[in-house]
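Taking it in order: structure first as C-alpha cells, then the write-up.
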Amino acid sequence: NKRPNDGQYIQLHKTFIVAQNENGFIVIHQQNAHERVLYERFTEALKGKPIAIQRSLFPAAIQLAPADAVLLSELISDLNILGYQVEPFGNNSFVIQGSPADVADGNEKDSLEKILEQYKHFNMEASLSKREKLLRSMAWQQSVKAGTHLAERELRGLVNDLFNCEINNTTPTGKPVFLEFKKDELDKMFGR
C-alpha cells in the first residue's frame, strides 16, 4: 500500500512532500500531484458536476489576436462547465463575468491567457481532442507550482486528494507524481 500514514508530512525545497508509508516513504512532487487532482476534478465536471463559478464584481475584458479569439470561441462551452463564465464582446474581445472559486480575484484575465497559451502548446499533439487539451491546460495552469510554500493542512489535503484519485502515480501528460523508497532497500544502503 503506497498510501501514506497519517503522520507528519514534510515539504522539501517548497517542491516535494515527504510522507511515510507502511513499507518506507514516498516523495511526492507537489505540482505533479496537484495537476493530477485537478485533472480528475475537471474530468468529473465535464461528466456532469460543473465547477462553481464566482461572479466577478468587476468583469474583466480580454482582447485577443484573431486566431486566439477563434480558439476561445470554440472552448467557451467547456470553459463554462469548468468555472469560467466568458462571453463574446465582438471584435476579438470577450468579457470574463466569472471564474472558478479558487482563482484569485483580479487574476481571471491572466489565468485565462495562460490556459490559452498552454492549450496552444498542447496543440502540437494531434492525437488529443480539444477537450483533453483544455483539461490538461487548466490542470497545469491552476496547479500549485514548485517553489510555493504549503502549510501542513495544505500538504495533508493535497496528499489525501491525490490518493483518492483514480490514477495517482502520473500527471495527465505522463510525468511521475511520486517515487517510492522501501525501508529494506534503505537498510541495505546503510549496510543493515
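Taking the stated definitions as given, is Glu113 touching a residue at least 40 places away in the same chain (Cβ under 8 Å), under 22 Å from Pro172 (Cβ atoms) and over 21 Å from the mean Cα position of the chain (by Cα)? Criteria not met by Glu113. Taking the criterion of being closer than 19 Å to Arg136 by Cβ and open to solvent by 80 Å² or more (accessible area, probe 1.4 Å), the only residue of the stretch 153-168 that qualifies is Glu166.
Screening Asp102 against (1) modelled with pLDDT of 95 or more; (2) open to solvent by 20 Å² or more (accessible area, probe 1.4 Å); (3) under 22 Å from Leu162 (Cβ atoms) leaves a single unmet condition, (1). Tallying residues that are under 14 Å from Phe16 (Cα atoms) and either open to solvent by 30 Å² or more (accessible area, probe 1.4 Å) or touching a strand residue (DSSP E or B) at 6+ places or on another chain (Cβ under 9 Å) (or both) within the stretch 126-152 yields 8. Residues considered: Asn23, Asn32, Asn92. Of these, the only one that is at positive phi and of a type outside the set (D, E, K, R) is Asn92.
For the structure I just gave you, tell me whether Leu38 is over 30 Å from Phe181 (Cα atoms) and in a helix (DSSP H, G or I). Judged against the criteria, Leu38 is not a match. With respect to the conditions (1) small (Gly, Ala, Ser); (2) in a helix (DSSP H, G or I); (3) surrounded by fewer than 18 Cβ atoms within 10 Å (Cβ to Cβ), Gly191 falls short on a single one, namely (2). I'm checking my understanding of the structure. Among residues of the stretch 62-93 that are outside any loop (DSSP other than H, G, I, E, B) and touching a residue at least 40 places away in the same chain (Cβ under 8 Å), which one is surrounded by the fewest Cβ atoms within 10 Å (Cβ to Cβ)? Only one residue fits best here, namely Glu74.
Please pick out the residue among Ser99, Ser127, Ser137 that is hydroxyl-bearing (Ser, Thr, Tyr) and in a loop (DSSP other than H, G, I, E, B). Quick ask: steps written out before the conclusion?
Numbers: Ser99 fails: in a loop (DSSP other than H, G, I, E, B); Ser137 fails: in a loop (DSSP other than H, G, I, E, B).
So the residue among Ser99, Ser127, Ser137 that is hydroxyl-bearing (Ser, Thr, Tyr) and in a loop (DSSP other than H, G, I, E, B) is Ser127.
Among the residues of the stretch 112-122, those identified as open to solvent by less than 70 Å² (accessible area, probe 1.4 Å) and either at pLDDT below 95 or not aromatic (Phe, Trp, Tyr) (or both) are Leu112, Glu113, Ile115, Leu116, Gln118, Lys120, Phe122.
The values are calculated or read from the model by the stated rules, or taken from the named source; none is laboratory data. Keep in mind that this is a model prediction, so the values were computed, not measured. When we count neighbours, we look across all protein chains shown, and the Cβ atoms used for this are built from the backbone with ideal geometry, even at glycine. We work out accessible area using only protein heavy atoms, side chains counted, and drop any ligands, DNA or RNA first. Shrake-Rupley method; radii C 1.70, N 1.55, O 1.52, S 1.80 Å.
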